[in-house]
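The values are calculated or read from the model by the stated rules, or taken from the named source; none is laboratory data. Note that the structure is predicted; figures quoted are calculated from it, not measured. Heads up, the Cβs are rebuilt from the backbone with ideal geometry, glycines too, and the neighbour counts pull from every protein chain shown.
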Amino acid sequence: MNKSYHIFLGWGLGIAVTLATIIGLPKLAGASTDFKDQVKWQERASNLQKVGVEYYSTSNMAKTLVEWHSDLSVTNPYMLDYLITSDIPQNSRTLVAKSKFMAQETNCLAEAVYYEARSETVSGQKAVAEVVLNRVGHKAFPNSVCAVVFQGAERTTGCQFSFACDGSNAILPSGKHWDEAQDIARHMMMSASVPITNRATHYHTTGVSPKWAPSLRKLRQYDTHVFYRFMPRKRRLRPVSVAP
């Protein structure tokens, strides 16, 4: 009886350890992956504050690194970019740089649509994208899509779009909502949509009441987002936050 008991106990402990290993290791691996993704996206958001043609094309940094490592076995993306583009004519290189810049701008706009409004209707998603583009054209904000979307993301607070600071983008975009967000972003970047927000530069969800809202002109609502723009100068009573 005692021997049988010990055998049963041994098997039970063995099974328990095996199950713990099978269940626990994937969770630990998943947690590690999530952490790495979050660090990557935080770094990316910070880099996108300095958006410019040189950042996405043949940069001085890339040129210097290639000169230091002149062999063709280099794998650093900046060095590879330099190796690919250094031999093409200057006018073609400029076109490549512009193409890369526009692709990045479109991707940033798609991220804003995805994280801010992927559960909204098409009109609601277009309205969010339109706010980003309206900001790009307004002197109070940066003059590129990526810089607008990730403005303030280098700080723990102060993001203009909450997903850039609240950890939402630690989970990479995917699935049909991401495909839809990319389609809408391309559509909006080509100015293929009739304006629908009346020059809105701000919005908030219906579940919050930000302090800046009374200082702006309320325009209309799409789905769960309410849209605003700056008051005419003569009607501004006090400075307002530029947060959406």
### Task
Would you check which residues across the range 163-204 are surrounded by fewer than 14 Cβ atoms within 10 Å (Cβ to Cβ) and without any contact (Cβ under 8 Å) to a residue 60 or more places away in the chain and list them?
166, 174, 175, 176, 179, 190, 191, 192, 194, 198
#### Entry: residue 113 being closer than 22 Å to residue 195 by Cβ, in contact with a Leu (Cβ under 8 Å, 6 or more places away or on another chain) and buried (at least 23 other Cβ atoms within 10 Å of the Cβ)
no
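If a residue must be of a type in the set (Gly, Ala, Ser) and outside any helix (DSSP H, G or I), how many such residues does the range 106-161 contain? Write out each step before concluding.
Going through the range 106-161, the residues of a type in the set (Gly, Ala, Ser) turn out to be 110, 112, 117, 119, 123-124, 127, 129, 137, 140, 144, 147, 152-153, 158.
From what is left, the residues that are outside any helix (DSSP H, G or I) are 119, 137, 140, 144, 152-153, 158.
Summing the residues that are of a type in the set (Gly, Ala, Ser) and outside any helix (DSSP H, G or I) in the range 106-161 gives 7.
The rows are residues; the columns are (1) within 18 Å of residue 114 (Cα to Cα); (2) modelled with pLDDT of 90 or more; (3) of a type in the set (A, V, I, L, M).
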residue	(1), (2), (3)
164	yes, no, yes
168	yes, no, no
171	yes, no, yes
187	yes, yes, no
197	no, yes, no
215	no, yes, no
218	no, yes, no
229	no, yes, no
242	no, no, yes
#### Entry: Where residue 101 falls short, out of the listed (1) modelled with pLDDT of 80 or more; (2) under 25 Å from residue 204 (Cβ atoms); (3) crowded, with 18+ Cβ neighbours inside 10 Å; (4) of a type in the set (A, V, I, L, M, F, W, C)
(2)
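Every residue, every condition in (1) under 17 Å from residue 111 (Cα atoms); (2) of a type in the set (D, E, K, R), yes or no:
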{"position": "160", "(1), (2)": "yes, no"}
{"position": "163", "(1), (2)": "yes, no"}
{"position": "170", "(1), (2)": "yes, no"}
{"position": "176", "(1), (2)": "yes, yes"}
{"position": "188", "(1), (2)": "yes, no"}
{"position": "194", "(1), (2)": "no, no"}
### Query
So is residue 141 over 25 Å from residue 179 (Cβ atoms) and among the aromatic types (Phe, Trp, Tyr) or not?
yes
### Query
Which residues, taken from the range 162-186, are polar (S, T, N, Q) and not in a helix (DSSP H, G or I)?
174
### Task
Under 7 Å between Cβ atoms, at least 6 apart or on separate chains: pull out the pairs that start in the range 207-227 with a residue that is within 16 Å of residue 161 (Cβ to Cβ) and end on any residue that is aromatic (Phe, Trp, Tyr).
225/203; 226/203; 227/203
